[in-house]
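I am attaching a structure below and will ask some questions about it afterwards.
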Amino acid sequence: MSAGNTAIPAGPRPDRTSAARWGLYAFLAISALFFLTPLYVMIVTSLKSMDEIRAGYILQFPAEFTVAAWTKAWNSACTGLNCNGIKVGFFNSVRILVPSVIVSIAVGSLTGYALSLWRVRGADVIFGALMVVAFIPYQVFIYPLVRIFSMAGINQTLFGIVVIHTIFGLPTMTLLFRNYFASLPPDLFKAARVDGAGFFQIFWSIMLPMAVPMIVVAMILQVTGIWNDFILGLVFAGRENLPMTVQLNNIVNSTQGERAYNVDMAATMLTALVPLAVYFGSGRWFVRGIAAGAVKG
Amino acid sequence: MIARSIRVVVPAALALAAGMGSAGAQQRAEVIHWWTSGGESAAVRVFAEQFTKAGGQWVDTAIAGGANARTAAINRTVGGDPPTAMQFNTGKQFDDLVEANLLADVDALARQQNWKAILPEAISAAVTRNGKYFAVPVNIHGQNWIWYNKAVLEKVGASEPKNWDEAIAILEKIKAAGLIPLAFSGQKNWERDLFNTVMLDKAGPAVWNGIYAQRSEAAARSADFRAAVDTFAKLRSYVDAGSPGRNWNDATALVIQGKAGMQVMGDWAKGEFAAAGKTAGKDFGCTLFGSKGGGYVMGGDVFAFPKQKDAAKSGAQLTLAKVMLEPDTQILFAQKKGSIPVRTDLDVSSLDICAQRASKMIQDKSQQVASVQMLAPPAMNGAIEDLVSQFWNGNAMSHDQFVDKMVAILKGSY
Amino acid sequence: MFARFGRFRSRTAAWVALLPALAIILVAHAGSTGWTIWMSFTSSRMLPNSNFVGLRQYVTLFNNDRWLVSIHNLAIFGTLMVVGALAVGLLLAIAIDQRVRAENVLRSVFLYPFSMSFVVTGLAWQWMLNPTHGIQKLVRGWGFADFQFDWIVRQDTVIFTLVIAGVWHAAGLVMAIMLAGLRGIDDEIWKAARVDGIPTWRTYASIVIPMLGASFATAGILLSASVVRLYDLAVAMTNGGPGLASEVPAKFVMDHLFERGNLGLATAAATSMLITVVSIAAPLFYARARARAQETRR
Amino acid sequence: MNAQPGVSLRDIKIMFGTVKVLEGLDLEVAPSEFLVLLGPSGCGKSTLLNAVAGLVEVRAGQIWIGGKNVTWEEPKDRGIAMVFQSYALYPRMTVRQNMSFGLKVAGTPAAEIERRVGEAAELLRIGPLLDRRPSELSGGQRQRVAIGRALVRKVGVYLFDEPLSNLDAQLRAELRVEIKRLHQQLGATMIYVTHDQIEALTLADRIAVMHSGVIQQLDTPARIYREPKNRFVASFVGSPAMNFIDGAISTQASAPVFEGGGLRIPLAGYVFAADVPAGPATLGIRPEHVTVGPAPSAFEAAVEIVEPMGADSLVWCRTPGGTAFSLRLSGEGGIRPGDRMPVSFPSAAVSLFAKADGARL
């Protein structure tokens, strides 16, 4: 958010205060309203008491502010026997997130690099297979993967969940990096070959430093995806490593128990803080990174 | 795990709260269940505390949503790292695990405690496979309760209805008074429960068992079943526009606030009334319809025990099963959960009047009705759920078509 | 490595680097897919078995009302949501590209929904759209007593509410992709258009938007993938209802896989989805790969 | 590395997918030679250069450098260095890092790298730029750095892939001289790809003119210019371009005569490659070879356009038959459109091509 008010670059199209300009701002304002309303509903609900929520005025401003729901969600909401709120899973989520993001981006970028710049035989087939996978509901993979993982002895481990996120991140990550590397001037790659750099040297010294904007995009996508994941963490991470979303689900999704919507909403907002921070903090990088490659090829 | 087991023994209660820590000598049981809300947590705490008293150590793995919890538990069992105990709904959900030889039986304990005598017959059957007990039932939830706001009924000059015909007359009056007659949560499972509630009253246990247990075409084509369909269709005009997709507890809130007259829901709805400070018999009433005999649809929960490599864990499983069925545990648990004890031989005077009424009912064998989860596999129940939902929402399907489609499901490979 | 076969040695390194990806594709992706297809020919229920039943699951599947309705719903949802998200995203990108104030804030506002999971934003949407306490109630409270906005509870309109929430979720991403494409367009194009006296909207419509082909392709692929996998949104907002009016194929697969313990039927449904995707995607990919090959020769 | 290596391409075949780019191509580059591959875009010259570098695989044939078969060697093992049209500087590295990257990869000691980079920087006068990033350099500076990066490799063969095409005219001329100077100083073998015939003529020891994947003519610049082997070479080399007049050769008279464009040009001074062929032919003559002034074979040309070019002027005229041609006049000459003047095509300076296949007669 630091860049919220930076100066607008002087461009070729000067500011015209005209009807069109007003229309433009009106359009943007209405759109912003549309996009923010659900967030508003969630925040407002989290600040109300349950009685007020039951009264049913969803869009109304709270008559009486209370942050009780937030403290309860973080500290003391019960999920089963544990009444420590969702903070319990926070560090588990971090422990899953960091290696998963790093490994999945590493494998994805390396694969994209090998498929784009090195004309390996069958590159199109490999890439096509990955793209098809991107369309399969990943839930159907869960059962066979459980069997494969338990045969490999990595079921219910931190390592296992990192591998899982790498598996499911591979199509998108490969797509991003392949398109990016393919859009670079081919002479650069040739020059490095003539300079005698090998496969990994070119990757590490030339390509990866150039791909920083793309890495940022990949990071944003993976951080959100992995942080928000629930079912994979639940099935593969193991009891000791259950991510924060499992606690969130425990709070918001009980079938027969009573529901405290204010706590639900607060818990959701708390869980979403990490991806939200990533988005608000790096929105500019995101567009720049996409501009750097995802829209080419 | 190994590092964990050499940890120093910590005071059990503390270990309990933290959900970790262990000791070799202690019986350690990891239990996967889906009781995560406030009331449910309080109930499961009863089990944990009783187990601790018995010298065990409860390791809690709570995962909200039955399907989520079962997915995790089954995948862990298949993957070779089973929990000590896992929750199922009383019924057929663990059939495949028994067939795959992944569950340990508790037959010895059952004989010793004479489960056959103390459990209702349907419940006993629901946990028995191939003549052996494979799970311990822990509670009974009535699925076909009718809850009503006493003040609303008084206002329209009505008293507690005895069957659906009376109820519909009252609903009509409430409608005339400008209130929502039937508080409804339009999600598939509640739509099915509403239909079942109507069907039990209109068609009786014979058709009920005919449909769900025997898959009988004759039952589906019977006049009684047809009457149930007709009555069910009538109820469409007593729900409000906001009902589709609504959560059940929001529907209960309408009854609590006096915005709606009545609701059909399982006995877990009591938790919502209690949370709002309402008392059964004073602020709200509860009743059951069973014009043709059977009146109480018994659902509930069981715990099953995956086979263990470690003998110590098998010991913990036995202790757990024993503790869960002990009279004290049963009563305490039912109080918190809103259910009734699974044993028929207990003093239930400490429970609320609705629970007392239910407990009295299941003393009479003819009033016991097995829930559809006990009678039919999940796939068939699911298909019926889809059908009922399709029928309930919109008038596109004729009553004849509904019957035909029901027959097709019964004959199908679900 | 074998000069005779015309391969450079350095290409071995490329294959080494591809090993993790190949292992994932062969073991995880292909293995699981193969298993899924095999399961669809068995009578598996909650746990897999090898009891071959031929096409029985497919017969059941294509006689199942809910599956047929799901496909129909997905077609409507997919078309509207892809078109809607592309249109809204493009409009937002164009609007933001006019050197507006607070660009960074606006961009984040449009992008944030993508960072949140539907598990609870779905609930917020459900509330807002619910006629008895959402927008309809609000507007009626302002004095418009006849205002109607009850799409979410009506079978014939509920799918549009999923589209609205879907567009809300994805339009920001489309905007980012489109904005990137717009920023990549040569300034001289704009100069030329201005010199020629072409109005701004016309320049966009006739010159700039046709140049955003790659942006449309990227956004289109991402959106289509999320359409086919649509699950969370339907569960959180409507749970498939009212009736079957917002059921979708991925939810059919999920429900039968877990809740209903019907592995055979679930995998038959998943296999049908897979075949559909492949039969649509394969010709496209082939055409693209060929076009690319033509391009690279010089 | 005293004796410079030669480069030998034998029966090269290159395909892209199913598309044939080159086939059966042979080319010998002598040690220390400066060979230019000249041709329009798409003729396969860059592909050929990439094949020499090892950046494109050959489907058949052999590549020898310095007496060694390098057909399947890695680029780095071929003893070559290369300069690219787009400079191909590594954007995240400084100039110094760019120049030393290849040596570092090869494990050259730091002191040696330092020395070579310094040398090259001095040679190319880019010393002050060493710590800048490529994005901070002008186009000319970037290309100097790219050349510097090739120089530090100290190899026997340098490959240039249209290195000056992205530069403006003045810088191009400046760097052209620079490259020529480098060739003289280093004495290395150089292969240079361009579509600019001025570069080719000024730099090359020999030029290989390529068209559609085939070498049309391989010769010294002078001979290429004067005795183009076919109509394509004639038209592609030379600026302003050669004039062409369609007609026929008649052998009925005592000496052969070209008739076309309303002209009769006796070919007494023309050296035919073989027997004098009668029949349809094209006559080519370069503008500077057209003579102005009374002569036996002179004809009257009508002036249409005058293009002053500083030192001389290009005058566009028409033959009596109406065929347009240009001629070069030194000075301004005071010629105006509409003037008429006697002009002749000296037969010793013309080229004749067969109408059918464009081959030189």
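All of the numbers you see were taken from the coordinates with simple rules; none came from a lab. Quick caveat, the model's predicted, so the values are computed rather than measured. Note that we place each Cβ from the backbone using ideal geometry, even for glycine, and neighbour counts take in every protein chain shown.
Once you compute Rg and the Kirkwood Rh from C-alpha atoms, what is the Rg to Rh ratio for region C:58-271?
1.06
Return the distance in nm (one decimal) between the two label points of a simple spin-label model at residue B:218 and residue D:252, each offset 7 Å from Cα along Cα→Cβ.
Placing both labels 7 Å beyond Cα along the Cβ direction yields 11.8 nm.
What list of whole percents do you get for P(r) of region A:19-66, with Cα-Cα distances grouped in 5 Å bins up to the one holding the largest distance?
Going out from 0 Å in 5 Å bins, region A:19-66 shows 5, 21, 22, 14, 11, 10, 8, 6, 3, 0 percent.
Could you name the aspartates and glutamates in cross-link range of residue B:175, using Cα to Cα under 12 Å and dropping any fewer than eight places away on the same chain?
Correct list for residue B:175: B:240.
Would you please give the residues with an amide H less than 5 Å from that of residue D:286, counting only those at least 5 places away or on a separate chain, with H modeled from the backbone geometry?
Close amide H contacts, sequence-distant or interchain: D:243.
Once you have the Kirkwood Rh of chain A from its Cα pairs, apply Stokes-Einstein at 20 °C and 1.002 mPa s and quote D in µm²/s.
Diffusion coefficient, whole number: 96 µm²/s.
Helix by helix through chain C, keep the DSSP H runs that span 15 Å or more along the axis on Cα and average at least 1.0 on Kyte-Doolittle, and give those back in order.
Once both thresholds are applied, what remains is C:10-23, C:65-96, C:118-129, C:158-183, C:213-228.
Here's a follow-up. Counting residues in chain B as N, plug N into 2.2 N^0.38 Å and put the Cα Rg over that result.
Compactness ratio reported: 1.01.
Using Cα pairs closer than 8 Å and at least 6 residues apart in sequence, work out the relative contact order for chain A, in percent.
On the way: 317 pairs, mean separation 83.9, N = 297.
This gives 28 percent for chain A.
Name the lysines eligible as straight-distance cross-link partners of residue B:309: C-alpha to C-alpha under 27 Å, and not fewer than 8 places from it in the same chain.
Partners found: B:53, B:92, B:132, B:322.
Then there is this: Using modelled backbone amide H atoms (1.01 Å from N, in-plane), which distant-in-sequence or interchain residues come within less than 5 Å of residue D:69's amide H?
none
A further question follows. Using alpha carbons only, how many angstrom separate the centre of region B:70-88 from the centre of region D:1-69?
Computed from Cα coordinates, the inter-centre distance equals 66 Å.
Taking region C:92-140, which trypsin sites (Lys or Arg not before Pro) meet the DSSP loop condition and have no more than 16 other C-beta atoms within 10 Å?
Hits after loop and neighbour filter: C:99, C:101.
Here's another thing I want to ask about it. Based only on Cα atoms, what mean projected area does the convex hull of region A:112-248 have, in nm²? List each step's numbers first, then the result.
Working: hull surface 39.2 nm².
Mean shadow area of the hull around the Cα atoms is 9.8 nm².
Return the subset of D:13/D:180; B:162/B:360; B:150/B:292; B:155/B:282; B:278/B:337 for which the Cα-Cα distance in this structure is over 19 Å, preserving the input order.
Beyond 19 Å: D:13/D:180; B:150/B:292.
Next up: Using every Cα-Cα pair within region D:1-106, state what percent have a distance larger than 23 Å.
35
Here is a further query. Which lysines have a Cα lying under 16 Å from the Cα of residue D:20, excluding residues fewer than 8 positions away in the same chain?
D:45
Can you give the longest run of chain C that contains no chymotrypsin sites (Phe, Trp or Tyr not before Pro) sitting in a DSSP loop with at most 16 other Cβ atoms inside 10 Å?
Values: sites that count: C:2, C:142, C:144, C:147.
With chymotrypsin sites (Phe, Trp or Tyr not before Pro) excluded where exposed in loops, chain C gives C:148-298 as its longest stretch.
Can you give the Kirkwood hydrodynamic radius of the protein assembly as shown from its Cα pairs, in Å with one decimal?
Over the protein assembly as shown, the inverse of the mean reciprocal pair distance is 37.0 Å.
Is any helix in chain A, taking whole DSSP H runs, at least 20 angstrom long along its axis by alpha carbon and on average at least 0.5 on the Kyte-Doolittle scale, and which ones?
In chain A, the long hydrophobic H runs are A:19-46, A:87-116, A:158-183, A:212-228, A:261-289.
I've got another one for you. Give the relative contact order (percent, whole number) for region D:7-230; include only Cα pairs under 8 Å separated by 6+ residues.
29
With chain C treated as a Gaussian network of Cα nodes joined by springs under 10 Å, which of C:28, C:234, C:268 yields the largest mean-square fluctuation?
Result: C:28 has the largest fluctuation of those listed.
Considering only A:63, A:29, A:114, give the residue with the highest GNM mean-square fluctuation for chain A, with springs between Cα atoms whenever their separation is below 10 Å.
Of A:63, A:29, A:114, the Gaussian network model singles out A:29 as fluctuating most.
Can I ask one more? Grab the beta carbon distance between residue D:16 and residue D:227, set R0 = 41 Å, and tell me the FRET efficiency rounded to 0.05. Could the numbers behind the result be given before it?
Working: r = 34 Å, r/R0 = 0.83.
After rounding, the FRET efficiency stands at 0.75.
Tell me, what HN-Hα J-couplings in whole Hz come from the Karplus equation 6.51 cos²θ - 1.76 cosθ + 1.60 at θ = phi - 60° for each residue of region D:249-260, using x for Gly and Pro?
With the stated coefficients, region D:249-260 comes to 9, 10, 10, 5, 6, 5, 10, x, 9, 9, 10, x Hz.
Evaluate the charge dipole of the protein assembly as shown about its Cα centre and quote only its size in Debye, nearest 20, assuming +1 on the Cβ of each Lys and Arg and -1 on the Cβ of each Asp and Glu.
Working: 125 positive and 101 negative charges, 291 e Å.
That gives the protein assembly as shown a dipole magnitude of about 1400 debye.
Taking amide H positions as placed in the peptide plane 1.01 Å from N, state which residues far from residue B:103 in sequence (5 or more) or on other chains have amide H under 5 Å from it.
For residue B:103, the qualifying residues are B:307.
Let me ask something else. In whole percent, what relative contact order does region D:190-334 give with Cα contacts below 8 Å and a gap of six or more residues?
Details: 230 pairs, mean separation 22.7, N = 145.
Computed value for region D:190-334: 16 percent relative contact order.
A follow-up question, please. Using a Förster distance of 35 angstrom, determine the FRET efficiency expected from the C-beta separation of residue A:33 and residue C:192, and round it to 0.05.
For residue A:33 and residue C:192, the calculated efficiency is 0.45.
So, one more: Per q in 0.12, 0.13, 0.18 1/Å, what log10 I(q)/I(0) does a Debye calculation on the alpha-carbon atoms of region D:7-230 return?
-0.64, -0.75, -1.37
Taking region C:1-115, how much of its Cα-Cα pair set, in percent, is spaced more than 25 angstrom apart?
65
From the phi angles alone, apply the Karplus equation (6.51, -1.76, 1.60; θ = phi - 60°) to region D:225-241 and give each ³J(HN,Hα) in whole Hz, x where the residue is Gly or Pro.
These are the phi-based 3J(HN,Hα) values: 6, 8, 10, x, 6, 8, 5, 5, 4, 4, 7, 7, 9, x, 9, x, 5 Hz.
On the Cα set of region D:97-166, report Rg and Dmax in Å, please.
Considering region D:97-166 through its Cα atoms, Rg and Dmax are 11.9, 35 Å.
Across chain B, where is the longest run that never hits trypsin sites (Lys or Arg not before Pro) in a DSSP loop with at most 12 other C-beta atoms within 10 Å?
On the way: sites that count: B:282, B:309.
That would be B:1-281.
Taking other Cβ within 10 Å of each residue's Cβ, how do B:349, D:347, B:159 sort, fewest first?
B:349, B:159, D:347
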